[in-house]
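The values are calculated or read from the model by the stated rules, or taken from the named source; none is laboratory data. All values reported here derive from a predicted model rather than from experimental measurement. Quick reminder, even Gly has a Cβ in these numbers, built from the backbone with ideal geometry, and neighbours come from all protein chains shown.
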Amino acid sequence: MRLLDALAYRLPLAGLVSILHRASGILMFMLMPFIIWMFDASLTSEITYSQFTAVFNGGVGFVPGIVFKLIALALIWAYLHHFIAGLRHLWMDATHAVTLEFGRQSAVVTLGLSVLLTLVLGAKLFFF
């Protein structure tokens with residue numbers, strides 16, 4: 001199979017959700033040190049909390065704060081998508097709802113909810 005043939009293949013939405021479910025899990029695993037730092041810095045004391053918020057507002061060294069906000073936004077999306085897609089898979093396993101139509105509809109709901117909730121929480125992160 002040539003590369004161009006693979007690029008021309010149109011993946012169904014259920015397949016895209018499945019790939020994004022794996023990608024979001026990998027992203028959360030790779031950013032685990034950042035997650036642990038955020039958790040530790042936000043709960044240790046008032047001083048570390050102010051340092052924590054200063055990173056998002058002013059940045060660290062030559063890295064501006066927007067980069068850290070974008071990383072946090074990626075983590076928000078990864079968590080929400082992974083959680084919602086996981087619920088989708090659990091529902092399909094528990095009810096044996098493995099029809100083509102249900103797969104497509106649940107994929108649309110999964111993508112829509114994860115993007116919508118990410119936008120809502122991203123607005124909170126960037127504007128409030």
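Considering only region 7-66, give the helices (runs of 4 or more DSSP H) lying wholly within it that have at least 3 residues that are at pLDDT 95 or above and under 30 Å from Thr99 (Cβ atoms).
Ranges flagged: 13-30.
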Residues being closer than 30 Å to Thr110 by Cβ and surrounded by 11 or more Cβ atoms within 10 Å (Cβ to Cβ) - total across region 33-60: 7
Filtered residues of region 73-124 (kept if within 19 Å of the chain's Cα centre (by Cα) and in contact (Cβ under 8 Å) with a residue 60 or more places away in the chain): His81, His82, Ala85, Gly86, Arg88, His89, Ser106, Ala107, Val108, Thr110, Leu111
Complete set of residues in region 1-32 that are more than 21 Å from Lys69 (Cβ to Cβ) and surrounded by 15 or more Cβ atoms within 10 Å (Cβ to Cβ): Leu13, Ala14, Val17, Ser18, Leu20, His21, Gly25
Criterion: small (Gly, Ala, Ser) and over 28 Å from Leu11 (Cα atoms) - qualifying residue of Ser114, Ser42, Ser106: Ser42
Contacts under 9 angstrom Cβ, first residue in region 25-49 being free of Cβ contacts under 8 Å to residues at least 60 places away in the same chain, partner of a type in the set (Asp, Glu), 6 or more apart: Thr48/Asp40
